[in-house]
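Undergrad: This is the structure I have questions about; it appears just below.
The values are calculated or read from the model by the stated rules, or taken from the named source; none is laboratory data. What you see is a predicted model, and the numbers here were worked out from it, not measured in a lab. Reconstructed Cβ throughout: ideal geometry from the backbone, glycine too, with neighbour counts over all protein chains shown.
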Amino acid sequence: MKYSQFIFVGLLLPLSVIAQSISPTQLLKKVEDAMKDMTSVVYKIDYTEKHFTSTDTLSSVALCSLYIEPKDYIGVYYIIDEKVSDNGYTHTKYDGEYTSFIYYEKDGVKITSENYESESVKNDNYARVNSRKKFACLDVFDKKKPFTRYKSFFNRLFVKDLNVRESWLFNELVYELTIKHKNRKGEDYINDRVEIYYIRKSDYLPIAYSFYGEFEGMSGYEFVTIEYISTTPQLSADEFKVEMNNEKVITETYYQNVQKHQL
């Protein structure tokens, strides 16, 4: 699948192009300014991906709370509720040292749960944390390596083209920032790599992004939408602490929260 085909797959959206009115560097600076004081965020995410080695396209939806911590291994602590079936959800937490996992579901009038697990992240070499990173949108929220770094000349050394145009996405006026990367030699490099970020014009917050690339003759892509619930929830790091005691886990609270936000 070539990039033009991916655009059709990932963006079945009402889109009309408007003349450019801002440079990429100016736009990235405005996004950086809009997000510089963000210490925590709550959002609903829709995530679609096709891995390089797969022929299937997978879609996921989750409710995410992040505490942004630049000194952390991945740059954030998280609480993620992912919908995995009509009535089933997983609840995962990460606090920088420990991670936890539980599956819960609505069974008639009861909330049932099973398989609560908690452990040090070093025990599994961050494997569970890494498996949840896609929901944490690190290209957007990790302050160590956000996409806004491309405002710097140094970070654009391996960028082939960087351009911006105005368009409509989900009935919102956005800046569409396209980053095309140079192809590089080497076994580990993803070539024909293109990323597009959709920046809401009203507040300069990213509300969607896409990725396309090719690796050893195989294509991979993803398309993500971010529906902000709160950009100033004032969450503290303590709210992300993993409960090591299973008896303190109240899945009814988790379920009520995802229902509130129509997950």
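Undergrad: Taking only segment 211-263 into account, find how many residues are charged (D, E, K, R) and touching an Asp or Glu at 6+ places or on another chain (Cβ under 6 Å).
TA: Of the residues in segment 211-263, 3 are charged (D, E, K, R) and touching an Asp or Glu at 6+ places or on another chain (Cβ under 6 Å).
Undergrad: Taking segment 16-38 as the region of interest, how many residues are under 23 Å from LYS241 (Cα atoms) and touching a residue at least 40 places away in the same chain (Cβ under 8 Å)?
TA: 1
Undergrad: Select, from LYS71, LYS106, the only residue that is surrounded by fewer than 19 Cβ atoms within 10 Å (Cβ to Cβ), touching a residue at least 60 places away in the same chain (Cβ under 8 Å) and either under 17 Å from ASN245 (Cα atoms) or not hydroxyl-bearing (Ser, Thr, Tyr) (or both).
TA: On inspection, the qualifying residue turns out to be LYS106.
Undergrad: Next question, about the same structure. Among the β-branched types (Val, Ile, Thr), assigned to a loop (DSSP other than H, G, I, E, B) and touching a residue at least 12 places away in the same chain (Cβ under 8 Å), is that true of THR53?
TA: yes
Undergrad: Also, I was wondering about something else. Please work out which one of (1) out of contact with any His (no Cβ under 8 Å at 6 or more places or on another chain); (2) among the hydrophobic types (A, V, I, L, M, F, W, C); (3) modelled with pLDDT under 95 is the condition ILE102 fails and give its number.
TA: All conditions are met except number (1).
Residue by residue, here is whether (1) closer than 17 Å to TYR78 by Cβ; (2) touching a residue at least 40 places away in the same chain (Cβ under 8 Å) holds:
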{"position": "LEU177", "(1), (2)": "no, yes"}
{"position": "HIS181", "(1), (2)": "no, no"}
{"position": "LYS201", "(1), (2)": "no, no"}
{"position": "SER210", "(1), (2)": "no, yes"}
{"position": "GLU216", "(1), (2)": "no, yes"}
{"position": "PHE223", "(1), (2)": "no, yes"}
{"position": "LYS241", "(1), (2)": "yes, yes"}
{"position": "VAL249", "(1), (2)": "yes, yes"}
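Undergrad: Report yes if ASN155 is under 23 Å from the mean Cα position of the chain (by Cα), under 18 Å from VAL31 (Cβ atoms), modelled with pLDDT under 95 and of a type outside the set (Phe, Trp, Tyr), otherwise no.
TA: Spelling it out, ASN155 is indeed under 23 Å from the mean Cα position of the chain (by Cα), under 18 Å from VAL31 (Cβ atoms), modelled with pLDDT under 95 and of a type outside the set (Phe, Trp, Tyr).
Undergrad: Continuing with the same structure: Hey, can you tell me all the residues within segment 31-48 that are charged (D, E, K, R) and surrounded by fewer than 18 Cβ atoms within 10 Å (Cβ to Cβ)?
TA: GLU32, ASP33, LYS36, ASP37, ASP46
Undergrad: On to the next question. Within the group TYR212, TYR198, TYR228, TYR221, which residue is under 15 Å from LEU28 (Cβ atoms), aromatic (Phe, Trp, Tyr) and either surrounded by 19 or more Cβ atoms within 10 Å (Cβ to Cβ) or within 17 Å of the chain's Cα centre (by Cα) (or both)?
TA: Answer to the check: TYR198.
Undergrad: Which residues, counting only those in segment 64-76, are closer than 16 Å to LYS134 by Cβ and in a strand (DSSP E or B)?
TA: Listed by number, the residues that qualify are CYS64, SER65, LEU66, VAL76.
Undergrad: List the strands (runs of 3 or more DSSP E) that sit entirely inside segment 105-189 and contain at least 1 residues that are under 27 Å from ASP37 (Cα atoms) and touching a helix residue (DSSP H, G or I) at 6+ places or on another chain (Cβ under 7 Å).
TA: The strands (runs of 3 or more DSSP E) meeting that bar are 159-169, 172-181.
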